[in-house]
Amino acid sequence: MLKQHSQWMITALAVADAVAIAVAWLVSYWVRFSWLPAEKGIPALGDKFLPMLPLVVVAHLIIFYRVGLYRPRRAEWLVRETRDVIKAFVVAVVVVVLIDYALPASNKISRQFVATYAVIGTICFAAFRGTVRVVLNVLRRRGWNQRYAAIVGSGRNAQRLMHALERNSWAGVHVAYFVDDADVSGRTQLRDVPVHGPLDALRTIVEANPVDSVFIALPTERAHRTRDVIHGLETCTADVRLVPQIDPAHTMRPNVSQLDGVPILSLRQTPLYGWNAVVKRAFDVIVGLVCLLIAAIPMIVIAALVKLTSSGPVFYRQRRMGLDGSEFEMIKFRTMRTDAEQETGPVMAVRDDPRRTSIGGFLRRTSLDELPQLFNVLRGEMSLVGPRPERPELIEQFKDEIPRYMLRHKMKAGMTGYAQIKGLRGADTSLRKRIQHDVHYIRNWSLLLDIRILLQTVFGVWFSRHET
């Protein structure tokens, strides 16, 4: 039997949400007037709060529906759904405030109660939805509430999709069969999954073997068949999804968006957009200021030692490349002679570099020469965590020699990075491995990852004996 997106499950979820909202509302009343002081007395639950509850529940459900909390989310990660749930609940709380303002003065509720509900309600509802999602995922892994899919194509792209669906069994999508031409697939089964054909008979095959979704995963050299495939599925009630064949090595946080109805697939997108950019910048400014205050006196001492032990400026300014290829002047304490590159030109520093000053070796071993980069962080040119910046002259050489080198510039350059905590610091380490770690960091960026890298830098890397 063809499994449609179950309306009864959506209805049940909406009813459960309504109950959760009502419970959060009542718990907030109990916390506010039982645990916290009420200078004007305790209002009766039935005077204001119960009469307002139906309107609050309806407002919440409308907002949840509008932001997409009732669309199928089985193919999304729990973290993303929880983020959307919290955003939706925050908007709903704002609507509650607006409803309260619209009521007569005698029926208004206290601001303290609204604040209590905002905190308790958001936490409880996010926990409730998270629990529902976890339970559903466990049940789907055990075979309950499965959706069935057909994959058009049987090549590497189609097999990669099948492996992805198998690895993410929590999504509850089971591959029922493949559809391909016999002269291409050359088989009747693929990993115990039937292969039907030919493609020209796709409509008949799907009608005889109903599924919930059809994934079009044809290889690039046969992409011209996509139009015919879609045309053959016009009378099919299943969801139709297109899976383009793109080498994951050449993508960076891919994303699909629409512009005036035109779908656009972004292959290389920086994670620093929207709230992500705001959060990372706020983290850099706050933590950067704290670090600068802590390091102020040591920096004054280091500046004096640099000035006393060698002639020339205290700081060394050098052009580096950062986010999206923009250049900036990176600031460091000077650790080499002022004429260090007069004969060699721009070259990467090496361990035991003979061009160092008397104190330069110590500063480089302890990475104390990089403390002035805190000013770059506060100016927005760098971040506390990110790929280490390189000189434009050297990038011109590396970008043609090392695959995916330029992908590392989809994130702000950092004072420390994922490659550094993995021991890849200095010119004597593999540049290719450093790039691999930088790309891994950008693809998996989160604020928690930044915090982890900073802590590991301070406690595990900062005083290592490698030079950078």
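The values are calculated or read from the model by the stated rules, or taken from the named source; none is laboratory data. No experiment lies behind these values; they were computed from the predicted model shown. So basically every Cβ, Gly included, is an ideal-geometry build from the backbone, and we count neighbours across all protein chains shown.
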Exercise for review: Determine the pairs where a residue that is outside the structural domain of Val240 (by TED's automatic domain parsing), located within the range 191-210, has a partner that is assigned to a helix (DSSP H, G or I) and of a type in the set (Phe, Trp, Tyr) with Cβ atoms under 9 Å apart, the partner being 6 or more residues away or on another chain.
Suggested key: none
**Study point:** Selected residue (only one of Ile402, Ile421 is closer than 29 Å to Val278 by Cβ and over 17 Å from the mean Cα position of the chain (by Cα))
**Key:** Ile421
Check your understanding: Is it the case that Ala92 is part of a helix (DSSP H, G or I), surrounded by 13 or more Cβ atoms within 10 Å (Cβ to Cβ), assigned by TED's automatic domain parsing to the domain that holds Ala44 and modelled with pLDDT of 75 or more?
Key -> yes
Exercise for review: Please indicate, with yes or no, whether at least one residue in the range 326-340 is surrounded by 11 or more Cβ atoms within 10 Å (Cβ to Cβ), basic (Lys, Arg) and at pLDDT 85 or above.
Suggested key: yes
Check your understanding: surrounded by fewer than 18 Cβ atoms within 10 Å (Cβ to Cβ), touching an Asp or Glu at 6+ places or on another chain (Cβ under 9 Å) and either at pLDDT below 85 or more than 21 Å from Gln420 (Cβ to Cβ) (or both) - does that describe any residue in the range 373-382?
Key -> yes
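Residue-wise test of (1) closer than 25 Å to Ile294 by Cα; (2) surrounded by 18 or more Cβ atoms within 10 Å (Cβ to Cβ); (3) in contact with a Gly (Cβ under 9 Å, 6 or more places away or on another chain).
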site: Asp400; (1), (2), (3): no, no, no
site: Lys412; (1), (2), (3): yes, yes, yes
site: Arg425; (1), (2), (3): yes, yes, no
site: Arg434; (1), (2), (3): no, yes, yes
site: Tyr441; (1), (2), (3): no, yes, yes
site: Ile451; (1), (2), (3): yes, no, no
Revision key, fill the gap. For strands (runs of 3 or more DSSP E) lying entirely in the range 185-286, having 1 or more residues that are at pLDDT 85 or above and among the charged types (D, E, K, R) picks out 239-242
Point to revise | Single condition Arg452 does not satisfy, out of (1) at pLDDT below 80; (2) in contact with a helix residue (DSSP H, G or I) (Cβ under 9 Å, 6 or more places away or on another chain); (3) assigned to a helix (DSSP H, G or I) | key: (1)
Review point. In the range 114-163, what residues are of a type in the set (S, T, N, Q), in contact with a His (Cβ under 8 Å, 6 or more places away or on another chain) and modelled with pLDDT of 75 or more?
Key: none
